[in-house]
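Take a look at the structure set out below.
FYI, it's all coordinate maths here, none of it is from the lab. Source: prediction; values computed, not measured. All Cβ positions, glycine included, derive from the backbone under ideal geometry; neighbour counts span all protein chains shown.
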Amino acid sequence: MPVVQVEDVHKRFGAVEVLKGIDLTVERGEVIAIIGRSGSGKSTLLRCINGLEQIQSGRIEVSGHVIDASGKGLRDLRKDVGIVFQSYNLFPHLRVGENIMLAPRVVLGVSKAEALSRARETLAEVGLAERFDAWPDNLSGGQQQRVAIARSLAMRPKVMLFDEVTSALDPELTGEVLATMERLAEHGMTMLLVTHEMAFARRVATTTVFMHQGRVWEMGPSERIFGSPQTPELRQFLGSGLK
Amino acid sequence: MIRQFTESEFLFILASARWTLLLTVMAMLLGGLLGFLVALARTSHLAPLRVLAAGWIGLIQGVPVLMLLFLSYYGLSLAGFDLPPLIAATVSMALYASGYLGEIWRGSIQAVPWQQWEASSALAFSRPQQYRYIILPQAVRIAIPPTVGFLVQLVKNTSIVSIIGVVELARAGNLVNNATFQPFKVFGTVAAIYFIICWPISLLARRLEGRLHARRAG
Ligand SMILES: Nc1ncnc2c1ncn2[C@@H]1O[C@H](COP(=O)(O)OP(=O)(O)O)[C@@H](O)[C@H]1O
Ligand SMILES: [Mg+2]
């Protein structure tokens, strides 16, 4: 059974239709990259999958939770879907470890010991085991983003969504975050990631989706999408060297 | 017969400060409680609550405190509630505080970046959990300076209740001055006592602000 199943999803903002019938399936352990021009609806799609945006029609199923236009059951769904944004949005009033422990404690109701062990484990996973007691403000952007990833992982999500998580970072900090994501992929995490890092998408993603004007324009094995793009739009997008 | 401004006059003024303090504390507690509810309603995602809270804030801020006082005192007694002046004074000061604190705290809640709501929503926090664990702890820091600023105003503004006969600091000063005709001594004393009450509050605010700041940077 696929982890994420998106069927004919339509999303409008006011009169503007931003997603015009998206179909997408993510199997367990799969890493799918989404590429496309700014404004093509990539972020909106991720936000719909996490229930942060309500869809007008179609159906999204994530590990057994169904979202439809009614918008019910969102909290249960979000427990299984991690999402990391371009801005890290750590909780500034909590130390790194507390940032990670809070949602498992409060939302999932796990014991303090369990939350603590999850925090230590996920911090180690992102390579920041020694920053448990640091304040978010005292970390670099790359470190904050890795804590944000750890904070999501501590919920033990079935799938992780990443929305241009390196776009706000200086080039020298991009690498450490990409390496973290690559390690996650190697460890079998199911991932759906919007990215401008084409080389990364090509290397790490099994499948790449090219979105254009609110549609899945072209989709296939990453090697083929980047090696022999079929549509003129994708050729132009890849050719323009658009960052 | 003109009396001298002696120790007993001084003690009379000093003792009356307890009513000023009591009024301030009660207004802050009751008004703070109501103001907190107003702030929550004002930032609710239920439109009727928002409108109601906005109306309340507009009303309280748009009406002179004196009118709140007269309404509490004469209005309620006409309506059949025979309230002692001190109770009417407390009610009116609490209403007054609720309007201003509600607005200050609404601003503080809304000053927390919306991404904090989004990040916590994405982690499946419910709305009450977001308030409790994410938004309010950050809003409190933002709220401290303006809240303490308001508290100092409140101490001074309690003097208005002297009009309905509550003998707090200002009224005590007035009484003593009428008997002694020594306005500089009398009101100098009154002013000094107000200052002694307000100054530590301001100091405390600065210290709290500094401490919270240090905690984050530490
Ligand atoms: N909250 C919103 N309200 C109105 N329009 C929006 C909103 N969010 C996104 N859009 C519009 O939807 C379109 C797709 O946006 P987005 O999903 O962010 O694209 P991408 O992530 O591919 O750059 C854009 O035209 C954008 O202006
Ligand atoms: Mg985007």
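Near the amide H of residue A:190, within less than 5 Å, lie the amide hydrogens of A:29, A:160, all on another chain or at least 5 residues away, with H placed in the peptide plane.
Using the Kirkwood radius over C-alpha pairs as Rh, can you work out the diffusion coefficient of the stretch B:22-73 via Stokes-Einstein at 10 °C, viscosity 1.306 mPa s, in µm² per second? Calculated translational D: 132 µm²/s. Its Kirkwood hydrodynamic radius, worked out from the mean inverse distance over all distinct Cα pairs, puts the stretch A:186-243 at 11.9 Å. Close amide H pairs (under 5 Å, H built 1.01 Å from N) link residue A:21 with A:9, A:10, A:11, residues at least 5 positions away or on another chain.
At what distance in angstrom do the alpha carbon centres of the stretch A:131-202 and the stretch A:93-118 lie from each other? Rounded to whole Å, the Cα centres lie 19 Å apart. Plainly put, the protein assembly as shown has a radius of gyration that is 1.16 times its Kirkwood radius, both from alpha-carbon atoms, as the Rg/Rh ratio.
Stretching the chain fully between residue B:44 and residue B:126 yields a gain of 28.2 nm (0.36 nm per residue, less the alpha carbon separation). The 3J(HN,Hα) values that the Karplus relation (6.51, -1.76, 1.60; θ = phi - 60°) gives for the stretch A:120-135 are, in residue order, 5, 5, 6, 5, 5, 4, 9, x, 10, 3, 7, 9, 3, 9, 6, 8 Hz. Gly and Pro appear as x. The lysine pair count for the protein assembly as shown, using Cα distances under 26 Å and pairs eight or more places apart or on different chains, is 18. Shown is the FRET efficiency for residue A:156 and residue A:75, computed with R0 = 25 Å from the Cβ-Cβ distance and rounded to the nearest 0.05: 0.95. Its Cα gyration tensor gives chain A an equivalent ellipsoid. The semi-axes, each the square root of 5 times an eigenvalue, are 29, 22, 15 Å from largest down. About the centre of its Cα atoms, the protein assembly as shown shows a dipole size close to 780 debye [charges on the beta carbon of Lys, Arg (+1) and Asp, Glu (-1) only; nearest 20 debye]. Each eigenvalue of the Cα gyration tensor of the stretch B:7-217, multiplied by 5 and square-rooted, gives one semi-axis; in descending order these are 38, 23, 11 Å.
Taking 22 Å as R0, compute the FRET efficiency from the Cβ-Cβ separation of residue A:27 and residue B:118 and round it to 0.05. That gives a FRET efficiency of 0.20.
Distance from the alpha carbon centroid of the stretch B:147-218 to that of the stretch A:1-67 works out to 59 angstrom.
Fully extending the segment from residue A:203 to residue A:121, taken as 0.36 nm per residue of separation minus the present Cα-Cα distance, adds 26.9 nm.
In this label model, residue B:76 and residue B:33 are separated by 1.4 nm, measuring between points 7 Å along each Cα→Cβ vector. Each residue, residue B:83 and residue A:215, gets one label point 7 Å from its Cα in the Cβ direction; the gap between the two is 6.8 nm.
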